[in-house]
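Just so it is clear, none of the values below were taken in a lab; they were calculated from the coordinates. Bear in mind the structure is a predicted one, so any value in this text is a computation, not a measurement. Here Cβ is always computed from backbone atoms with ideal geometry, including for glycine, and neighbour counts include all displayed protein chains.
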Amino acid sequence: MKNSREKESKIQEDISHNIEATKANYFIRLKEKWQLGSMLHLLLVLVTFTIGGSACGFITGKIMSLSSISLKSPLWWISYVVLASIIWPACVYIISFFFGQQKFFKKYLIKMGNRMFGKNKS
């Protein structure tokens, strides 16, 4: 009985280790994909995305609350998504100045814009 508990404990340890290794590898791959110099740089970029996205949601919600469109209407949700899509790049870029990440986000937003509007890679 004790032997099976030890085996089960070992399996759980291995699973936990694999999960942690996968998380670490994900962040390393993301850092390399975005060509960032350090994990601190990656952290600042992720924080910028988080705060910029939250600010976008807050601002878009405030603007939509001024409209006369009912919250239950599909038009409200369509308008919200369109407005948020317009406001998000500005929010993220403005927030990037506070974290010193404007160079990364300028390049990122240009690349995203080129993909959205079908321009060739430069």
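Here are some notes:
- Share of pairwise Cα separations in the stretch 37-116, more than 21 Å, in percent: 36
- Residue pairs, from the table LYS62/LYS103; LYS62/LYS119; LYS33/LYS106, whose Cα atoms sit over 22 Å apart: LYS62/LYS103; LYS62/LYS119
- In this rough spin-label picture, where each label sits 7 Å from Cα along the Cβ direction, the LEU71-ARG5 distance is 5.2 nm.
- Extension gain, PHE97 back to GLU32 (0.36 nm per residue minus Cα-Cα distance, nm): 21.2 nm
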